[in-house]
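Below is one structure, written out as structure tokens; comments come after it.
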Amino acid sequence: MSAETALDHALSVAKRAGAHSADSVCIESDSSEVRVRGEEIEHVKQARERTLGLRVFVEGATGMQQAITSTSDLSERAIERLAEDGVALARETAPDPDAGLPHDGFAGMLPELDLLVAKDREAGIEHHVEAAREAEAAARQVDEKIVNSEGADAGSSFRHVHYANSAGFDGQYESATHSISCSPIAADEQGAMQTDYWYTVARSLAALEAPAAVGKRAAERALGQLGARRIATGEYPVVFDSPTARNLVGSLVGCLSGYAVYRKSSFLAGRLGETIASSGIAVIDDGGLPAGLGSRPFDGEGQPTRRNVIVEGGRLRSYLLDCYSARKLGLASTGNASRGVGSAPSVGSTNLWLEPGGAGSLDDILADTGKGLLVTGMFGQGFNPVTGDFSRGAKGFWIENGKPSYPVEEITIAGNLGDMLCDVNAIGNELLWLGNVAAPPLRIARMTIAGDG
């Protein structure tokens, strides 16, 4: 049974079985990836799957009762059983006055977002092997101190998403994600080792960095960490390069989720309209960027994705909301419903970024800093979204006279994300996309750094 037929059948059977309303999503995926280490192909993976999820609503005394079922068997009988079981399960759940399909319309004409280049499907495992080998070889050729590798990876993933509901919306789109990464290991004369990585990811193969450039940059990052040492504990200005600054913005995403807000498990709950960051900070979420890694023409509930201004001039203007969390908060959905086949919609960012500022390049920010810490990597999960408390292992470079002076490791940077956002006093103009969240380099006026002493 085709995906289109299976969706129609699931919705019609659910209605016949007593559902008030229902929606269904079918996701077909085709992915392949390889890992090369040295001269050997260490890992090859190729997977195809097609799964269908159904959410049914049964009208209860005080609201909708709902259940979610899913299957990878798209035969007629399997779909019928899925729908009948879903309705039966829904009757056993508690009514929820906020559950149900959106009431304020669905996406109309779907925009073309350039999420896939058709000819990229012709690139098979051999293409990925060649790309991974090129990245691995380039890394090892940078310097004889590159003594080993954790491998170079290359892969592609294609998805076809088809969503329909009993309110009449029926939409579908295709997307692709391609990537190359490399993780070389460097060793100094004393045998001390350092490893680092670099990667590139894009919607088309042509938009990826060249494999040799990925390997070379990864090797340079690993070599740059040789001779790393700890620094004295204290409070210093801290500069984050683009890849680590995006991690700070990524920490913010969970705190902006409508679910965290209505459950009051976010330090941003109840703060709409308040100043939460320095006046130079603006954060945007936009699911309609052409070829964006988080772009999609409609969200997981069939509503249009859009440009949402989340933070403007340091003030919190919006949360990220799907239909359910919006109803809980008495607000409107922002088109940020994220949906898998076997789970209810939740909130997810699309393309979310911190707007570039006027502080120039990373080198310009370092030159203006004089003395402090440049963070190029963070480790661990030391962030509490309820309080905003932030504590992460870090590495990078000590800054002296406005330039990186020596590599630093085994330190911890700590603060409170709310205070950190208010203390941002320099935002660069370089926006680097390494996923669906991006940020330019930035500087926080002072943070606690735990090292020696």
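The values are calculated or read from the model by the stated rules, or taken from the named source; none is laboratory data. This one's a predicted model, so the numbers in the text were calculated from it and none came from an experiment. Please note: Cβ atoms are built from the backbone with ideal geometry, for glycine as well, and neighbour counts cover all protein chains shown. For the accessible areas, the whole protein counts, side chains as well, though only heavy atoms, and no ligand, DNA or RNA atoms are used. Shrake-Rupley method; radii C 1.70, N 1.55, O 1.52, S 1.80 Å.
A few comments on the model shown:
- Meets criteria (outside any helix (DSSP H, G or I), under 23 Å from the mean Cα position of the chain (by Cα), among the hydroxyl-bearing types (S, T, Y) and crowded, with 21+ Cβ neighbours inside 10 Å) for Y163: yes
- Qualifying residue in the range 332-348 (condition: open to solvent by 40 Å² or more (accessible area, probe 1.4 Å), over 30 Å from S72 (Cβ atoms) and either acidic (D, E) or free of Cβ contacts under 8 Å to residues at least 12 places away in the same chain (or both)): no
- Qualifying residue in the range 113-122 (condition: touching a residue at least 12 places away in the same chain (Cβ under 8 Å) and among the small types (G, A, S)): no
- On inspection, E39 fails the criterion of being under 28 Å from the mean Cα position of the chain (by Cα) and either acidic (D, E) or open to solvent by less than 20 Å² (accessible area, probe 1.4 Å) (or both).
- Pair list, Cβ < 8 Å and 6+ apart or interchain, from the range 217-237 residues that are touching a residue at least 60 places away in the same chain (Cβ under 8 Å) and open to solvent by 30 Å² or more (accessible area, probe 1.4 Å) to residues that are part of a strand (DSSP E or B) and among the aromatic types (F, W, Y): R221/W198; G227/Y406; R229/Y406
- S31 more than 22 Å from A88 (Cβ to Cβ), touching a residue at least 60 places away in the same chain (Cβ under 8 Å) and surrounded by 15 or more Cβ atoms within 10 Å (Cβ to Cβ): yes
- Some residue of the range 309-318 being under 26 Å from Y173 (Cβ atoms), in a loop (DSSP other than H, G, I, E, B), out of contact with any Ser or Thr (no Cβ under 9 Å at 6 or more places or on another chain) and modelled with pLDDT of 95 or more: no
A quick yes/no check of all residues on (1) under 19 Å from A337 (Cβ atoms); (2) at pLDDT 95 or above; (3) hydrophobic (A, V, I, L, M, F, W, C):
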residue	(1), (2), (3)
E80	no, yes, no
V87	no, yes, yes
A90	no, yes, yes
D104	yes, no, no
H127	no, yes, no
A137	no, yes, yes
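- Residue check, R263 under 30 Å from A154 (Cα atoms) and open to solvent by 20 Å² or more (accessible area, probe 1.4 Å): no
- Number of residues in the range 358-384 that are open to solvent by less than 50 Å² (accessible area, probe 1.4 Å) and in a loop (DSSP other than H, G, I, E, B): the value is 6.
- Among the residues of the range 106-124, the ones that are open to solvent by 40 Å² or more (accessible area, probe 1.4 Å) and under 26 Å from Q46 (Cα atoms) come to 7 in all.
- Of the residues screened, N401 is not one that is without any contact (Cβ under 8 Å) to a residue 60 or more places away in the chain, polar (S, T, N, Q) and at negative phi.
- If only residues of the range 174-194 that are open to solvent by 40 Å² or more (accessible area, probe 1.4 Å) and at pLDDT 95 or above are counted, the one that is nearest to E410 (Cα to Cα) is M193.
- Enumeration of residues in the range 58-73 that are over 21 Å from A3 (Cβ atoms), touching an Asp or Glu at 6+ places or on another chain (Cβ under 9 Å) and surrounded by 14 or more Cβ atoms within 10 Å (Cβ to Cβ): G60, G63, M64, Q65, Q66, A67
- Positions within the range 74-105 being acidic (D, E), over 25 Å from K328 (Cβ atoms) and either surrounded by 15 or more Cβ atoms within 10 Å (Cβ to Cβ) or in contact with a Cys (Cβ under 8 Å, 6 or more places away or on another chain) (or both), in sequence order: E80, E84, D85
- Contacts under 9 angstrom Cβ, first residue in the range 312-331 being open to solvent by 60 Å² or more (accessible area, probe 1.4 Å), partner hydroxyl-bearing (S, T, Y) and not in a loop (DSSP other than H, G, I, E, B), 6 or more apart: R315/T275; K328/Y259; K328/Y262; L331/S325
- Restricting attention to the range 319-333, the residues that are part of a loop (DSSP other than H, G, I, E, B) and farther than 18 Å from S266 by Cα add up to 2.
- Here V261 fulfils each of the conditions (1) in a helix (DSSP H, G or I); (2) more than 22 Å from S333 (Cβ to Cβ); (3) not small (G, A, S) apart from (2).
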